[in-house]
Amino acid sequence: MGVTTNGPPPGDGRGTASPAELEDSIGRISGIQSARVVVNPSGRVTEVHVLATRERGPKQIVRDVQSVLLASFNLEVDYRTVSVVQLDDARAAAPGRSGGARPAIVRVASDTEQQTASVTVNLAVGDGTRTGSAHGSALSGLRLVALAIVDAVGGLLGSSAADVQAADIVSAGGHQLAVTVLRLVTPRGEHLVTGSALVRRDVNDAVARATLDALNRLIEAP
């Protein structure tokens, strides 16, 4: 008596599940933060990209990905199609961070007098508020916004500290995007992290949100 299975036999890299379903299953593996599955027009899995922490070695992560896809979808994927990127910065590995409420921007105010500028930000954090400010040259307007955000959340960074390397507005896909680059000093050493946000209301608001995007995984609950 023959044995039938749902979908194609294992080994051909094709399956009936959508890339989103495959990504969802891979994302449940311990240590994996996100996954991206690429298939060709025939449905064959050609690339699996995984973003993971350093809890386990990359070979073990690849084996886990193969096992999950085979057990869940009867889909065998060649190990050479799986690429693993492991983060060794504060966004992935900083100790003591919490999944509590994230800061939300309430107000960003700026004032320029002659060659000097000042920025004040108000954030809602849990049931309270926090205020941060920065002062400097009027030519450093966007960086001052990012510095004000860092000042506001400084007490929530635990044993870590942050400085602003860059804050800028760039164009991508016909949209304006705020991008910030921060240098973090953590118990694990120094790291660079980036954040981004679409410009919706104004550039100051976007830079503030981009800075929070860079810091959010490091921020501890108040």
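The values are calculated or read from the model by the stated rules, or taken from the named source; none is laboratory data. These numbers come from a predicted model, not from an experiment. Methodologically, a virtual Cβ is constructed for each residue, glycine included, from the backbone with ideal geometry; neighbour enumeration extends over all protein chains shown.
For residues that are over 17 Å from Arg107 (Cα atoms) and either touching a strand residue (DSSP E or B) at 6+ places or on another chain (Cβ under 6 Å) or not assigned by TED's automatic domain parsing to the domain that holds Ile169 (or both), tally how many sit in region 136-157. Don't jump to the end; show me each part of the working.
From region 136-157, those over 17 Å from Arg107 (Cα atoms) are 136-140, 154-157; that's our starting set.
Narrowing further to those that are either touching a strand residue (DSSP E or B) at 6+ places or on another chain (Cβ under 6 Å) or not assigned by TED's automatic domain parsing to the domain that holds Ile169 (or both): 138.
Of the residues in region 136-157, 1 are over 17 Å from Arg107 (Cα atoms) and either touching a strand residue (DSSP E or B) at 6+ places or on another chain (Cβ under 6 Å) or not assigned by TED's automatic domain parsing to the domain that holds Ile169 (or both).
List the number of the failed condition for Ile169; all other conditions in (1) buried (at least 21 other Cβ atoms within 10 Å of the Cβ); (2) out of contact with any Ser or Thr (no Cβ under 8 Å at 6 or more places or on another chain); (3) modelled with pLDDT of 90 or more hold.
(1)
Test of understanding: among Ser196, Ser110, which residue is under 18 Å from Ala210 (Cβ atoms), at pLDDT below 90 and more than 18 Å from the chain's Cα centre (by Cα)?
On the way: Ser196 fails: more than 18 Å from the chain's Cα centre (by Cα).
The match here is Ser110.
I'd like to verify a number: residues in region 15-35 that are over 16 Å from Ser67 (Cβ atoms), at pLDDT below 85 and surrounded by 14 or more Cβ atoms within 10 Å (Cβ to Cβ), how many?
Of the residues in region 15-35, 1 are over 16 Å from Ser67 (Cβ atoms), at pLDDT below 85 and surrounded by 14 or more Cβ atoms within 10 Å (Cβ to Cβ).
In the list Gly189, Gly141, Gly154, which residue meets the criterion of being surrounded by 16 or more Cβ atoms within 10 Å (Cβ to Cβ), small (Gly, Ala, Ser) and out of contact with any Leu (no Cβ under 9 Å at 6 or more places or on another chain)? Outline the logic, then answer.
On the way: Gly189 fails: surrounded by 16 or more Cβ atoms within 10 Å (Cβ to Cβ); Gly154 fails: surrounded by 16 or more Cβ atoms within 10 Å (Cβ to Cβ).
One residue alone meets the criteria, Gly141.
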